[in-house]
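Here the structure is laid out as structure tokens; the discussion comes afterwards.
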Amino acid sequence: MKGLQVTVENTTADTRAEGLIRDLELAIDADDDDARAGMKKKTKGSVFGAFFSKPSPAAAASSRREIDLQKYMIRPAAHNPAIPPNLYLIPSAGAVSWTDTQETNDDAADAAADDDEFVDAMDTTDRAPLWTRKGDAWHRAGARLARALDDLPPSFDAVFVDTDHLAACVLTKLALASCESVVVPLSFDDGDFNRLFQDVTGNALFTDVMIPMKAKGQLRARVKRMVFSKVGSNKNEAVTTAGGIESPFKPSKTVMDQMDAMAQQVWAACTHDERYKQLFAGAEELAPGQYGGGNIVGAFTAKFFTAMKMAPDLAANLSKMMGLPLCTMTSRTYHAPSGLEGQSGKPVLDSLKSETQRLVAGLLDDRYNLPLLES
């Protein structure tokens, strides 16, 4: 909650994530000015909701400029010295950011009743919450976001976008249309796993979102890695499962067998329907023996699957309550504002840091294999 309060106190609606979304829409509205020149009035509706169709005069005046993502960034280390100084964040502020964006737009209803005024189809859905919006009108905003990511200075090595669990939300689609890679967290719950392929709410990441986006030429991102998260550890040593999955620590045999079985289910989906295989970066060029796998199934699981250890409760809770990243945590005793206090041993922290670093380097490159901070 402290991080949320800092965000609210040090940002405005124009300099947080919702400001970025609004400016993306303003940018594509500016592109449409010529096309609308013959219309009596510009559309009042918005791809993203009523809030986004009501720009401030300053925002409207700058709508023709390219989107500069640095305008929306904060440097968390300026407010919390425990955060590494090379991290920048485009924050949102929970309900402060998104609840107010979903107010109803009575003007749109009035406009629809005016025979002399042009209103596009988006106005008729302007009352819908952001996460229920359908259609493809968002896509040009996604293309603008991709351009803005490409235009970041070279000093920005990597950009991560944390998306909502509702895969069909337009915000998730913006990320899939603008980023290069997808990291998919996995649990051992069959229901969660199956929702990658089938979901009654239309939020199956692969089937309902990524495959249709690819068919329409909207999908830029491809799956880079599937990560089993919150996995228990029996030993702090790297291991490869019988199916070829490399893990920076050793889970129980039962867990490793389950990891292999779920990876093989994904491969089975890929062989049954080529559209699933096309979602995985480089899967169509795989050959037996690659990445240490004996056969093609082993090559697939070795390339795309890994595991992330479940952090001990004390370290995890102190990290969350104090805004203290595990990568900077030491073995000293910490006192959280909630009253929780304790310390994690140096061997525990060193293994967590090492395993996290190995995971990050696997997702990015060896530039991230740097000396660990002292525990």
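Here are the numbers:
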item	result
Answer from Arg220, Arg275, Arg225 - the residue that is modelled with pLDDT of 90 or more and touching a Phe, Trp or Tyr at 6+ places or on another chain (Cβ under 8 Å)	Arg225
Residue selected from region 234-249 under the condition surrounded by 20 or more Cβ atoms within 10 Å (Cβ to Cβ) and more than 26 Å from the chain's Cα centre (by Cα), by the criterion farthest from Pro212 (Cα to Cα)	Thr241
One residue from Asp116, Asp164, Asp157, Asp136 being of a type outside the set (A, V, I, L, M, F, W, C), closer than 24 Å to Glu66 by Cβ, modelled with pLDDT under 90 and not in a helix (DSSP H, G or I)	Asp136
Residues of region 280-295 that turn out to be part of a helix (DSSP H, G or I) and open to solvent by less than 50 Å² (accessible area, probe 1.4 Å), as a count	1
Hey, Cys270 assigned to a helix (DSSP H, G or I) and modelled with pLDDT under 95 or not	no
Conditions (1) of a type outside the set (Asp, Glu); (2) touching a residue at least 60 places away in the same chain (Cβ under 8 Å); (3) open to solvent by 80 Å² or more (accessible area, probe 1.4 Å); number of the one not met by Thr201	(2)
Residues satisfying the stated conditions in region 220-232, i.e. open to solvent by less than 20 Å² (accessible area, probe 1.4 Å) and either among the aromatic types (Phe, Trp, Tyr) or out of contact with any strand residue (DSSP E or B) (no Cβ under 8 Å at 6 or more places or on another chain) (or both)	Phe228
Residue that is most open to solvent (accessible area, probe 1.4 Å) [pool: residues in region 343-375 that are among the basic types (Lys, Arg) and in contact (Cβ under 8 Å) with a residue 60 or more places away in the chain]	Arg367
Pair list, Cβ under 9 Å, 6 or more apart: region 155-171 residue farther than 21 Å from Phe197 by Cα and open to solvent by less than 60 Å² (accessible area, probe 1.4 Å), other residue part of a loop (DSSP other than H, G, I, E, B) and hydrophobic (A, V, I, L, M, F, W, C)	Ala158/Leu364
Extreme residue, nearest to Ser229 (Cα to Cα), among residues of region 323-375 that are part of a helix (DSSP H, G or I) and of a type in the set (D, E, K, R)	Glu355
Checklist (1) modelled with pLDDT of 90 or more; (2) farther than 23 Å from Pro76 by Cα applied to Cys327, failing item	(2)
Filter result (over 14 Å from Val297 (Cβ atoms) and open to solvent by 60 Å² or more (accessible area, probe 1.4 Å)) within region 265-277	Glu274, Arg275
Residue tally, condition at positive phi and open to solvent by 50 Å² or more (accessible area, probe 1.4 Å), over region 318-342	1
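Residues are listed down the side, and each one gets a yes or a no for (1) closer than 27 Å to Glu180 by Cβ; (2) of a type in the set (S, T, N, Q); (3) without any contact (Cβ under 8 Å) to a residue 60 or more places away in the chain:
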position: Ser229; (1), (2), (3): yes, yes, no
position: Lys253; (1), (2), (3): no, no, yes
position: Ala263; (1), (2), (3): yes, no, yes
position: Ala268; (1), (2), (3): yes, no, yes
position: Tyr276; (1), (2), (3): yes, no, no
position: Gly292; (1), (2), (3): yes, no, yes
position: Ala299; (1), (2), (3): yes, no, yes
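One line per residue, one yes/no per condition, for (1) at pLDDT 60 or above; (2) of a type outside the set (Ser, Thr, Tyr); (3) buried (at least 16 other Cβ atoms within 10 Å of the Cβ):
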position: Leu4; (1), (2), (3): yes, yes, no
position: Glu9; (1), (2), (3): yes, yes, no
position: Gly38; (1), (2), (3): no, yes, no
position: Lys44; (1), (2), (3): no, yes, yes
position: Gly49; (1), (2), (3): no, yes, yes
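For every residue, the table says whether it meets (1) touching a Phe, Trp or Tyr at 6+ places or on another chain (Cβ under 8 Å); (2) at pLDDT below 85; (3) among the hydroxyl-bearing types (Ser, Thr, Tyr).
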residue: Asp107; (1), (2), (3): no, yes, no
residue: Asp126; (1), (2), (3): no, yes, no
residue: Leu130; (1), (2), (3): yes, yes, no
residue: Val170; (1), (2), (3): yes, no, no
residue: Ala175; (1), (2), (3): no, no, no
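The values are calculated or read from the model by the stated rules, or taken from the named source; none is laboratory data. These numbers come from a predicted model, not from an experiment. We place every Cβ from the backbone using ideal geometry, glycine too, and count neighbours over all the protein chains shown. In case anyone asks, the SASA skips ligands and DNA or RNA and just uses the protein heavy atoms, side chains included. Shrake-Rupley method; radii C 1.70, N 1.55, O 1.52, S 1.80 Å.
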